[in-house]
Amino acid sequence: MTENLVDDITQSASLTLPDGQRADLPIVVGTEGERAIDISKLRAQTGYITLDDGYTNTGSCQSAITYIDGEAGILRYRGYPIEDIAKHCSFIEAAQLVIWGELPSPDQRSHFSDILTENSALPEDFRRHFAAFPPHAHPMSIMSALINALQSYDLPGLTIDSDEEFERVSATLMSKVRTIAAASYKSSIGEPIIYPRYDLRYVENFLHMMFSRPYRNFVPTAEATRALNLFLILHADHEQNCSTSTVRMVASGQANLYASVAAGVCALWGSLHGGANQAVIEMLDLILESGMSTKEYIAKVKDRSSGIKLMGFGHRVYRNFDPRSRILKDACDDLLNALNIDDPRLNIARELEEVALADDYFVSRRLYPNVDFYSGTILTALGIPPEMFTVIFAIGRTAGWIANWKEIHDNPASRIYRPRQIYVGPPQREWMNRFQREKATSQEFRVPDELRSDGGVVA
Ligand code: CMC
């Protein structure tokens, strides 16, 4: 099927410009038949660049990690449908698949598990960094700063020159990101930071570090562990989203893995991206507390002057449904039933979805629930506070960031990411010294005498 598609299409596109120049531009075809016009030589040939604010139609790279078909609601990691991965893998297996391209063998799995365990604790003197943040600092701020700081504790990790070293640094990062996340929560609530345990698996260990106390051990339920595993798998990668593109951008300048991932955490924080999960739960709380009906809230969203969005709705790529949202919605029902929780926010979310999907505003713009719409309800059921939601997204996405960093690092043809722009500022201006500038400015803004009440005296 793919081969036919490749054969069927023209191998280059020709572009005729207003000045009569013609450019022949190669067509690049992906595994699934998706097509791109390679414009990398366009400027050299014609003097023109392409302009695509917000990158709505720009492929920034070729990547072998994740495939999305936004029309069909398809998401695959390394060729495997997300539904299969979600059903059969642990988060760590999914992470290994995302990073190395194949599902791990039993030996690879246990080897990686061992290095994760060995690297789970933070250096003792590293722990003092948490105390340097003011009380109630946002955990995303702590996390981004401390992932970057980790590099100073791993000097050999600055240059990765073998597969073994890449595996060690990746495992260190994945393991410590989780420890930093839990520690940032503990420090934000003024509780002692909990050491990781060597007998627990990745997700249980995280829940232990989040909820155990020095005098009381927390043992997560199987349902809670399963739900968090699923959450992390669904967030492990998502091709060239805002944070992953940031990681690739930083990596392209040959920044180290820690610095690149720290930049990804910063990019993820925004409410249009990973911060949307926190924003969704805040929106549901607002609706509940205000006593507003879901119809009234939707009416506010539709009133463009309100500046309100239906958080957890819409996606640049998915135009019919987000497969992650469907999986999470079912998981949310299962978890709340298993834990016997009746969270009124889930009912509000369901109602909002129903009202929105029957409304032409959303239908005509092809806006559907995204991954963040139900994820906050799951995390709340696990006892995780809203300011930690994006942090947990970051733990999952670390796998994808590492995989994308590796693609840049391993590609000898990789070049620094350096987009161009169309300059729309002032044209060249004549230089004036300060006196001339002040004189010119006061003349420029001189109020006509007839309009002035002070008789022409400049204040
Ligand atoms: N509520 C109300 N209107 C919306 C929404 C929304 N959630 N999303 C998009 N629209 C409208 C938007 O105002 C625009 O209308 P018009 O054409 O009349 O100007 C139209 O739909 C197209 O939207 P857009 O903002 O041009 O689309 P985009 O591709 O630039 O933005 C988005 C995608 C996800 C940032 C946006 O849909 C949004 O802000 N959603 C809410 C935030 C959110 O849930 N973000 C999480 C995304 S999934 C997790 C991740 O991968 O980061």
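The values are calculated or read from the model by the stated rules, or taken from the named source; none is laboratory data. Fair warning: this is a prediction, and the values are worked out from it, not measured in the lab. Glycine gets a Cβ as well: all are built from the backbone with ideal geometry, and neighbour counts include every protein chain shown. Note: areas computed on protein heavy atoms with side chains; ligands, DNA, RNA excluded. Shrake-Rupley method; radii C 1.70, N 1.55, O 1.52, S 1.80 Å.
For Phe231, which of the numbered conditions (1) of a type outside the set (Asp, Glu); (2) farther than 18 Å from Ser90 by Cβ; (3) open to solvent by less than 10 Å² (accessible area, probe 1.4 Å); (4) assigned to a helix (DSSP H, G or I) fails to hold?
(2)
For the stretch 43-101: of the residues being of a type in the set (Phe, Trp, Tyr) and surrounded by 14 or more Cβ atoms within 10 Å (Cβ to Cβ), which is farthest from Ser245 (Cα to Cα)?
Tyr48
Here is a check on your reading of the model: is Val280 in the same structural domain as Ile142 (by TED's automatic domain parsing), touching a residue at least 12 places away in the same chain (Cβ under 8 Å) and surrounded by 20 or more Cβ atoms within 10 Å (Cβ to Cβ)?
No: the conditions fail for Val280.
Is there a residue in the stretch 363-385 that is acidic (Asp, Glu) and over 13 Å from the mean Cα position of the chain (by Cα)?
Looking through the stretch 363-385, none of the residues is acidic (Asp, Glu) and over 13 Å from the mean Cα position of the chain (by Cα).
Tell me whether the stretch 168-188 contains one or more residues that are surrounded by fewer than 16 Cβ atoms within 10 Å (Cβ to Cβ) and in the same structural domain as Ala263 (by TED's automatic domain parsing).
Within the stretch 168-188, none of the residues are surrounded by fewer than 16 Cβ atoms within 10 Å (Cβ to Cβ) and in the same structural domain as Ala263 (by TED's automatic domain parsing).
Are there helices (runs of 4 or more DSSP H) fully within the stretch 285-394 with at least 2 residues that are touching an Asp or Glu at 6+ places or on another chain (Cβ under 6 Å) and without any contact (Cβ under 8 Å) to a residue 12 or more places away in the chain? List them.
Helices (runs of 4 or more DSSP H) meeting the threshold: none at all.
Are there any pairs, at least 6 apart or on different chains, whose C-beta atoms fall under 6 Å, with the first in the stretch 251-269 and over 18 Å from Arg168 (Cα atoms) and the second within 16 Å of the ligand (Cβ to nearest atom) and not polar (S, T, N, Q), and if so, which?
Gly264/Val247; Gly264/Trp401; Val265/Ala394; Ala267/Cys242; Leu268/Gly274; Leu268/Ala394; Trp269/Met140; Trp269/Gly275
Report, by residue number, each residue of the stretch 346-374 that is open to solvent by less than 40 Å² (accessible area, probe 1.4 Å), farther than 15 Å from Phe231 by Cβ and of a type in the set (D, E, K, R).
Correct list: Glu353, Asp359.
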